[in-house]
1. For region 546-551, in order, what is each residue's ³J(HN,Hα) by Karplus, 6.51 cos²θ - 1.76 cosθ + 1.60 with θ = phi - 60°, in whole Hz (x at glycine and Pro)?
2. Taking the highest mean first, how do the peptides 470-479, 565-574 order by number of other beta carbon atoms within 10 angstrom per residue?
3. So for F546, F402, what's the accessible-area order with a 1.4 Å probe, most first?
4. How large is Rg over Rh for region 580-675, taking Rg from the Cα atoms and Rh as the Kirkwood inverse mean of 1/r across Cα pairs?
5. Stretched out fully, how many nm does the piece from R515 to E539 gain, at 0.36 nm a residue minus the Cα gap?
6. I want to check the label-to-label distance for Q160 and E25. Put each point 7 Å from Cα in the C-beta direction and report it in nm to one decimal.
7. Using the structure shown, select from K509/K640; K277/K446; K647/K744 the pairs with a Cα to Cα distance greater than 32 angstrom.
8. Assigning unit charges at the beta carbon (Lys, Arg +1; Asp, Glu -1) and nothing else, what dipole magnitude in debye, to the nearest 20, does region 494-573 show about its Cα centre?
Amino acid sequence: MTGVCCCCAALRPRYKRLVDNIFPEDPKDGLVKADMEKLTFYAVSAPEKLDRIGAYLAERLSRDVVRHRYGYVLIAMEALDQLLMACHSQSIKPFVESFLHMVAKLLESGEPKLQVLGTNSFVKFANIEEDTPSYHRRYDFFVSRFSAMCHSCDQDPEVQTEIRIAGIRGIQGVVRKTVNDELRATIWEPQHMDKIVPSLLFNMQKIEDIDSRTGPQSSPTGGVKEENPSVLAENCFRELLGRATYGNMNNAVRPVFAHLDHHKLWDPNEFAVSCFKIIMYSIQAQYSHHVIQEILGHLDVRKRDSPRVRAGIIQVLLEAVAIAAKGSIGPTVLEVFNTLLKHLRISVDLELGDRRSSAGSATLSTSSKESDERIVQNAIIQTIGFFGSNLPDYQRSEIMMFIMSKVPVLGTTSQILDPSHLGDLGTRRIQIMLLRSLLMVTSGYKATTISNALPAPFLDPLLSPSLMEDSELRQLVLEILHNLIDRHDNRAKLRGIRIIPDVSDLKIKRDKISRQDVSFMKKHGQQLYRHIYLGCKEEDNVQKNFELLFTSLALTTIELANEEVVIDLIRLAIALQDIAIINEDNLPMFNRCGVMALVAAYLNFLSQMIAVPAFCQHVSKVIETRSVEASYFLPETIFKDKCDLPKSLEKDETDLFFLTNKIAESLGGSGYSVERLSVPYVPQVTDEDRLSRRKSIVDTVSLQVDILPGNNTEDKVDNTEEITFEALKKAIDNNGLEEQEKEKRRLVIEKFQKAPFEEIAAQCETKANLLHDRLAQILELTIRPPPSPSGTMTITAGHAHYHSVPVYEMKFPDLF
């Protein structure tokens, strides 16, 4: 070498002479290959000298960096790379330390070319598989430096892109190297992930911003795509997540939330959705629930943020759930729904709070806030529905029960959705939101038996009277019932209420009713009939309500009807017709005509389904008469935009009505048991009717109180109770009367629910005969001239005394 005497050079260690010989006098000539081969052979032959070779190379490189002799720097790094690739012994550990020290020197320099050079060397090192792990080596400096390079803001765009690509490749090298090491857990520490993940997201985001401003570009070739920081960062991000395990998954996901929060990327949330799609597709399927839990936790943290931010997070949750639902959800199913229902309640509270605070001052900002809250609520409903509809049937039935338990209904309480704190408007909003969610969950649900789809703990609150006080609520309940009852996808064929000329053209699909379905209708059929009956009596019904009621009757006929159910449905239809004719509830004329049209459309459908010619003939004759004389009794006319309504309905126009005796005669000839058709349909009474606004049912059934065993009319007639002051006092005791009436109603309900129909009919007939005989006796005694002397009655000081007078001698007024 220049400047070194021959004696001094001969005295220098051999490894230094070999290292010096690889450097030419002019760096432009590059590495001296012959001398490099000698150095490599020496290093392989004497691996214990590797650490000294590395230290000496590092010394020379540091000196050249300081003197800006970048040509020699390139030669030194090339020599280090070749030595690193050629040597794999245990003695390479000290050499690696010198190598990493030289790479660090290059990365610390302000020269972009040296930073890129150091990165390339590190990437080559990262691809080398070492024989034994290194327990003391750490990569903290490289994580920090490569992350900083990912955020390069050099004024020259090309240099900036080059440095950022180098930083991303460096991070990728760190990840690969640490994952392959036995001590790979160190890279997953939060202090490292908080630098790596945001650096990758920053590059993915920046390029997306540029693309959004410049518009779509032509698809690049493979080489160009590799030079794109966005593509490289995404690939590195996917690789990082793909190597994550159970214990470090959360550390890799949490920095994503911090980055999205810091850069306000939840509104709009296109980039956030893109990130979590990458996450869900990159991680192992069994860890999906970890990501969902993190999203739910972040939603709780940001629960007081603006509605659009919360809606953005919920939409991200929807995308994550959509991907996770195809694989393993884990234990987070109920947690997802519970958290979403909680945020639904929070959103409704915020919406109502804004409305109350701005009462009397309708401002644009308030209406905007309410609209934003509706966006949040719709996002929650969509997420609940989509998640639930992708679950297996056994889990979906549990979710249906879970959601129904949160619906605020009369007589039930919910820990999350307590109706006492919501008010009427808030309760109605919650009911609508949850029923819409339930509607989406039940969509496409196919249960083998109807009892699995509609178990009693689910059916009872769904058909609660408190869910019938609003037209929209009733519509949602009926649509949910359609989803669960329709197991052969016939609902679309029945859409719209109309007189169907030929039902066979619809190609209705049906199976023979199973024994389990027969048992269900015996237990719960009255609940379904009652819901339809009461639904027809509501004044706020619109065309959609009547259409859904018709579909409910038709689906019940298709899926659940045997001969006994057919008779019950006909009794129900006749009872609905009586609602319109008698009009005890003072319904508007449109509602009365709508009920008549509903009955006509259904009986036309039912008659063709059971295919009894005489029954079909009677129904067709009534419909033809209506089309000529009273077209407003048909759905095609009454549900037009402009329909002339009659001023009144004449009860004696029997040609316009479906008659029970005609139906019984037609069905009896075909083998149907028509005895029950003579018994008018009376809806089943529940405990909730006492607390609801529908008192007419209780009043109607109270007329049948004396049917129970032990309440024989003969015993009552012969049992003469002494009228005393105490008896009168007890009679006016409201509490005593209320308890007696409650117990009496309970017994009546129990009797009608559990006793066989034949027994009830027999007792009704016995009571009717006794009443008839008693009235005849009273009329006979009233007409007969009384014998003389006539009986008298005196009342003294709280006691009533009857003189001994035969009963048959009493006049009619004396009976009361």
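The values are calculated or read from the model by the stated rules, or taken from the named source; none is laboratory data. Note that the structure is predicted; figures quoted are calculated from it, not measured. When we count neighbours, we look across all protein chains shown, and the Cβ atoms used for this are built from the backbone with ideal geometry, even at glycine. Calculation scope for accessible area: heavy atoms of the full protein, side chains included, ligands and nucleic acids excluded. Shrake-Rupley method; radii C 1.70, N 1.55, O 1.52, S 1.80 Å.
1. Values per residue, Gly and Pro as x: 5, 4, 5, 5, 4, 4 Hz.
2. Per-residue Cβ counts within 10 Å, averaged per peptide and sorted highest first, yield 565-574, 470-479.
3. Details: F546 0, F402 40 Å².
Descending order: F402, F546.
4. 1.00
5. Here the answer is 4.9 nm.
6. Reported label-point gap for Q160 and E25 is 4.6 nm.
7. K647/K744
8. Working: 13 positive and 12 negative charges, 47 e Å.
For this selection, approximately 220 debye.
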